[in-house]
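Here's the structure, in structure tokens; my notes come after.
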Amino acid sequence: MRPLSCLVTGLAFLTSLAHSHSNDTATSNVLTLTEETFDDALTAHPLLFVKFYTPWCGYCKALEPEYEAAAEQMAGGAFHTTVLAQVDCSVHEELCIDQDINSFPTLKFFRSGIPTIYDGPRQTTGLLRYLERQSLPALTWVNDTMHLEAFVRSDPVVVVGSSADHDSDFYSKFHGLAEQARDRYLFGWQPSSSPDSVVLYTPSTQDVYTGDLLDTDAIQRFIRQHLTPLFGSIGPDNYIDYEEAELPLAYLFVSSESMLAGLTPPLLALAQQHRGAINFVYIDADAYPEQAEYLGINMTAPVWPAFVIQDPQSRRYILPTTTTAETIDDHVAKYLQNALVPFIESDPVPETNDGPVKVVVGSQYNALVTRSDTDVLLEVYAPWCGHCKALAPVWTQLGELVRDQGYPLTVAKMDGTSNDIPMDDPATFEVDGFPAIAYIQASTHRVALFAGDDRSLAALADFVHEQKGIRLEVPGSNGSSDDDGTDDTPPRNSQRHDEL
């Protein structure tokens, strides 16, 4: 037993630490941490959830009341051992650099000082669900039927392993899975004389895993594909569950309860028929018009209901006719037979396109880029991107040089916010940020991406020379764009459900 003096000293230290971390607002349950107090907080609080933010960040402002509400409920509840804190990165810049904070807000959960990035829902309910799971043991022992019934009702997603032998490889693997995925699911273990098993419980289903019990990757795939309802609503709180299922996602857009009610029975039957192959969801068309537009629905004069299938590669297949149970069934059947053509977002084809820089739109990508007689140097830009604006005069100058010198190359540009690069095209490539510059070789469709920070005329000419092997003559002026970096903002389609 430790001496009483040690206990008193430790208690005094924790009390003073808590006071030193408290917010200026007396009623707040969120601790404010600084460069001086951060390490002490990690020591004092084995379970610490930290928000890294800046006061000017709009997303941070939106998160603040949700985070405060979560802190208040955690402080007064059964899971009060988890402490919520925050760091203002506009003040404590060095601390945020040390923590590799690259965007705001960033949320990290520290377990005994070891951090895990939180990327789940930012509403209070989602935060609490995550934090409560973190506060529990990774694996809860469930000793009898009554305990099991209460346990599976305690969380929307519960995974229970069962075996008579807790010294087995199965138990060891299952316990490791619970440690790894504790932030997503609640795990239990039930001693049982019945055959070894893994069962997934949700509020409406009970699914038994029938694969290899030692293959934890397969168990996780099983969980992801079965934890979603047969036909449920999708929104900010649960879209990540559908994304992680890695299945095609069939959206039904509706604008009224009666519209949904009329199509629910046939959609439930269709979802049951294709369980494990396609996930079916419905979404409020009035609440999420941006998602409808992203999926390719004409929002100039939208007609509801509407139906779209989006595959894991973000290809979109829009039902072109009136949305009924029969047309949906036919559309799904054709999708599974690979008989549908994906939607390609595209600006209108330009009336004239004979300038030194060719304008490429989504519907003409194959004709102007993939099937071009010459190699193509393509810039994918965003109208609002500052680096793209700085590059624009240099890009035009490059196009004029190529034209005037009769150089065998097509210089082109495409607005990446309103045009798709067809994903099945031989010359496709992924745009990770703006501007993206790609050299596409005509004979092989090989794509080389420009990776330099220097986008001067001379640097671009050097890049072309590396690909083509023929020197483009550049005048004495280097035509510098006065640009020294890449744009930090990802492209519009960088995530499947970005609009949600």
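The values are calculated or read from the model by the stated rules, or taken from the named source; none is laboratory data. From a predicted model like this one, the values you see are computed outputs, not experimental measurements. A quick note on method: Cβ atoms are made from the backbone with ideal geometry, for glycine too, and the neighbour counts reach across all protein chains shown.
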Practice prompt. Please find, among Arg129, Arg182, the residue that is in the same structural domain as Gln206 (by TED's automatic domain parsing) and either in contact with a Ser or Thr (Cβ under 8 Å, 6 or more places away or on another chain) or at pLDDT below 90 (or both).
Written response: Arg182
Discussion item. Could you go through the stretch 196-205 and let me know if any residue there is touching a Ser or Thr at 6+ places or on another chain (Cβ under 6 Å), surrounded by fewer than 20 Cβ atoms within 10 Å (Cβ to Cβ), at pLDDT 85 or above and assigned to a loop (DSSP other than H, G, I, E, B).
Written reply: yes
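Could you list all residues from the stretch 332-361 that are within 20 Å of Met423 (Cα to Cα) and touching a His at 6+ places or on another chain (Cβ under 8 Å)? If you could, list the steps in order and put the result at the bottom.
Here is the first cut: in the stretch 332-361, the residues within 20 Å of Met423 (Cα to Cα) are 334-349, 359-361.
Selection gives Leu336, Leu340.
Looking at Thr210, is it hydroxyl-bearing (Ser, Thr, Tyr), closer than 30 Å to Phe187 by Cβ and without any contact (Cβ under 8 Å) to a residue 12 or more places away in the chain? Step through it out loud before you land on a result.
Values: hydroxyl-bearing (Ser, Thr, Tyr): yes; closer than 30 Å to Phe187 by Cβ: yes; without any contact (Cβ under 8 Å) to a residue 12 or more places away in the chain: yes.
Yes.
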Response to the item:
Thr370 fails exactly one of (1) closer than 18 Å to Ser346 by Cα; (2) at pLDDT 95 or above, namely (2)
Worksheet, complete the sentence: Residue count, the stretch 51-75, condition surrounded by 19 or more Cβ atoms within 10 Å (Cβ to Cβ) and not in a helix (DSSP H, G or I), comes to 3
Discussion item. Can you list residue pairs whose Cβ atoms sit under 6 Å apart, with the first residue in the stretch 375-394 being assigned by TED's automatic domain parsing to the domain that holds Asp415 and the second being assigned to a helix (DSSP H, G or I) and surrounded by fewer than 22 Cβ atoms within 10 Å (Cβ to Cβ)? Count only pairs 6 or more apart in sequence or on different chains.
Written reply: Val394/Leu457
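Please report, ordered by residue number, the strands (runs of 3 or more DSSP E) entirely within the stretch 399-483 with at least 1 residues that are crowded, with 19+ Cβ neighbours inside 10 Å, among the basic types (Lys, Arg) and modelled with pLDDT of 90 or more. Steps first, please.
On the way: elements: 409-415, 436-440, 447-449.
Where strands (runs of 3 or more DSSP E) fall fully within the stretch 399-483 and carry at least 1 residues being crowded, with 19+ Cβ neighbours inside 10 Å, among the basic types (Lys, Arg) and modelled with pLDDT of 90 or more, they are 409-415.
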Worksheet, complete the sentence: If we keep only residues of the stretch 112-148 that are surrounded by 14 or more Cβ atoms within 10 Å (Cβ to Cβ) and charged (D, E, K, R), then the residue farthest from Glu66 (Cα to Cα) is Arg133
Worksheet entry | Tally of residues being outside any helix (DSSP H, G or I) and of a type outside the set (Lys, Arg) across the stretch 351-392 | 24
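Identify all residues within the stretch 132-178 that are acidic (Asp, Glu), modelled with pLDDT of 90 or more and under 33 Å from the mean Cα position of the chain (by Cα); write none if there are none. Spell out how you get there, then give the answer.
Taking the stretch 132-178 as the starting set, the residues that turn out to be acidic (Asp, Glu) are 132, 144, 149, 155, 165, 167, 169.
From the residues that got through so far, the ones that are modelled with pLDDT of 90 or more too are 149, 169.
Passing the criteria: none in range.
Name the single residue that is farthest from Leu252 (Cα to Cα) among those in the stretch 294-314 being hydroxyl-bearing (Ser, Thr, Tyr) and in contact (Cβ under 8 Å) with a residue 12 or more places away in the chain. Even if it seems obvious, please write down each step before you answer.
Narrowing the stretch 294-314 to residues hydroxyl-bearing (Ser, Thr, Tyr): 294, 300, 314.
Now drop any that are not in contact (Cβ under 8 Å) with a residue 12 or more places away in the chain, which leaves 294, 314.
Details: Tyr294: 14, Ser314: 17 Å.
So, considering only residues that are hydroxyl-bearing (Ser, Thr, Tyr) and in contact (Cβ under 8 Å) with a residue 12 or more places away in the chain, the one farthest from Leu252 (Cα to Cα) is Ser314.
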Worksheet entry | Single condition Ala325 does not satisfy, out of (1) assigned by TED's automatic domain parsing to the domain that holds Asn298; (2) small (Gly, Ala, Ser); (3) farther than 30 Å from Ile278 by Cβ | (3)
Worksheet item: Among (1) closer than 22 Å to Gly126 by Cβ; (2) among the acidic types (Asp, Glu); (3) modelled with pLDDT of 95 or more, where does Glu257 come up short?
Response: (1)
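Quick one: in the stretch 206-216, of everything that is within 22 Å of Asp155 (Cα to Cα) and surrounded by fewer than 15 Cβ atoms within 10 Å (Cβ to Cβ), which residue is modelled with the highest pLDDT? Reasoning before the result, please.
Step one: list which residues in the stretch 206-216 are within 22 Å of Asp155 (Cα to Cα), which gives 206-209, 216.
Next cut, surrounded by fewer than 15 Cβ atoms within 10 Å (Cβ to Cβ) only: 206, 208.
On the way: Gln206: 89, Val208: 93.
Checked the stretch 206-216; the qualifying residue modelled with the highest pLDDT is Val208.
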